[in-house]
Amino acid sequence: MKIKDAKVLVCSPARNFVTLKILTDEGIYGLGDATLNGRELAVASYLSDHIVPCLIGRDPFQTEDIWQYLYRGAYWRRGPVTMSAISAVDMALWDIKGKALKTPVYNLLGGKSRTGVMVYGHANGADIGQTVDEVGKYISQGYLAVRAQSGVPGLKSTYGVGRGQMFYEPAEKGLPPENVWSSEKYLMHVPKLFEALRVKFGDDVHLLHDAHHRLTPIQAARLGKELEPYHLFWLEDAVPAELQEGFRIVRQHTTTPLALGEIFDSVWDANILISEQLIDYLRMTVVHGGGITNLKKVAAFADMYHVQTGCHGATDLSPVTMAAALHFDISIPNFGIQEYMRHTKETDDVFPHSYYFEKGYLHPGDKPGLGVDYDEKLAKKFPYERAYLPVNRKLDGTMWNW
Ligand code: CS2
Ligand code: MG
């Protein structure tokens, strides 16, 4: 079997997606997600202008050699654009391999290590009361784990509080929206949210929270300590993680489990965090973390240090990534939890898939390959339109982390 062509497909059913479709001379094709929220066309060009010409004629079964060729052969290594492009190729090749061998990809990754993939949903509200109600809705839908994000008194907007329920999509058409932030107001507010949630729902439901890169290490230490009575499943992205060692400060002050890494694209973004056990969950995902081939290696390294996975799964990762992630999640030994932000109906129509939700778990389904497809005809009805993630400024106008 040889790769005979590859197409880079950009569409926007509710939000922008970039999908790589690799076609073989035996009529089998594979899909890979290449979506990088707010920088989609950079990855589309990296694929069509630089990677696709090098794929033609290769054996699609050579997932390891092709990965090494694209990583080492680029000379300019790592970074979200490069690694999203490599991830897309890798996902598509695993999809082809599973289809050619007539088996779901998880059977090529060691088979099922668990009956299903526990997921968490995203509850958000303008205030504590609304957020408590939203968490209740997720629990009544059978979720065992729910992330809670609420508006902060005194702030016009904040991360994680969407424009409407269920679907949280931060990217907006036009130029980047400007948000305003106050860590002080936020820190005073969050413990009250989780106290209200535990009073209302008790101790069984797993509760998660995303600080979204906005705190300093000592602020994160304070928040972690103040959240200890509410035993969160995790506190995510408490601090920007360029300085991995900075998490030593957070770790020494709190037992609240820490999750990090949805923006990581290489093990070298997390090697100290993992080997010094400064985190409990690694959020690297298939689409930005080098695909299944690379993420399996990173997960094995993390397993040596008691670090579990908690793959990113926001709406800006397409159903192709969700499908690939589930084959990865269900097979690795140190699976922790999978984020599951539901896509809109238009998106699900463009990307028909076999994965399904049942009683708090996602299941990949048993179709050969990844179990996801792409309706090219329908996708053409949703043309790309540039969109940006917001930017964030402190009350005095200082640029901050969004
Ligand atoms: C968030 C994401 O899901 C999460 O944990 O951090 O929604 C993130 O804001 C988006 O993926 C950015 O595109
Ligand atoms: Mg996050």
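In the chain, the C-alpha radius of gyration followed by the widest Cα-Cα span (Dmax) gives 20.4, 61 angstrom.
Going by alpha carbons, how many degrees (0 to 90, nearest 10) lie between the helix axis of 291-303 and the longest principal axis of the chain? That helix lies at roughly 50 degrees to the long axis. Solvent exposure of the stretch 1-45, expressed per residue, is 32 Å² of accessible area, with all protein chains present and a 1.4 angstrom probe. With all protein chains in place and a 1.4 Å probe, the accessible surface of the stretch 73-161 carries 55 percent carbon and sulfur. In a solvent-free Debye calculation with one equal scatterer on each Cα, what is log10 I(q)/I(0) for the stretch 240-394 at q = 0.10, 0.19 Å⁻¹, listed in the order of the q values? Summing over Cα pairs of the stretch 240-394 leads to -0.41, -1.18.
Of the residues VAL89, HIS209, GLN308, the one whose Cα sits farthest toward the positive end of the charge dipole of the chain, with +1 on the Cβ of Lys and Arg and -1 on the Cβ of Asp and Glu, is VAL89.
Here the stretch 223-270 exposes an accessible surface that is 58 percent carbon and sulfur, computed with a 1.4 Å probe and the other protein chains kept in place. Going by a ≥ b ≥ c, the root eigenvalues of the Cα gyration tensor, does the stretch 3-104 fall in the rounded group (a/c under 1.5), the prolate group (a/b larger than b/c) or the oblate group? Since a/c reaches 1.5 but b/c is at least a/b, the shape of the stretch 3-104 is classed as oblate.
Taking 17 Å as the straight-line reach from the Cα of LYS97, the aspartates and glutamates in range (excluding those fewer than 8 positions away in the same chain) are ASP5, ASP25, GLU26, ASP33, ASP59, GLU64, ASP65, ASP366, ASP373.
Set the Cα radius of gyration of the stretch 39-182 against 2.2 N^0.38 Å, with N its number of residues, and you get 1.45. Helix 217-227 and the long axis of the chain differ in direction by around 70°, with both axes built from C-alpha atoms. Cross-link reach is defined here as a Cα-Cα straight distance under 17 Å, omitting same-chain residues fewer than 8 places apart; for LYS7 the lysines meeting it are LYS21, LYS377, LYS380. List the pairs from LYS112/LYS296; LYS112/LYS345; LYS297/LYS359 whose alpha-carbon separation is above 19 Å, in the order I gave them. The answer is LYS112/LYS345; LYS297/LYS359.
The values are calculated or read from the model by the stated rules, or taken from the named source; none is laboratory data. All values derive from a computational prediction rather than experimental measurement. Reconstructed Cβ throughout: ideal geometry from the backbone, glycine too, with neighbour counts over all protein chains shown. Protein only, heavy atoms only, side chains kept; ligands, DNA and RNA dropped before computing areas. Shrake-Rupley method; radii C 1.70, N 1.55, O 1.52, S 1.80 Å.
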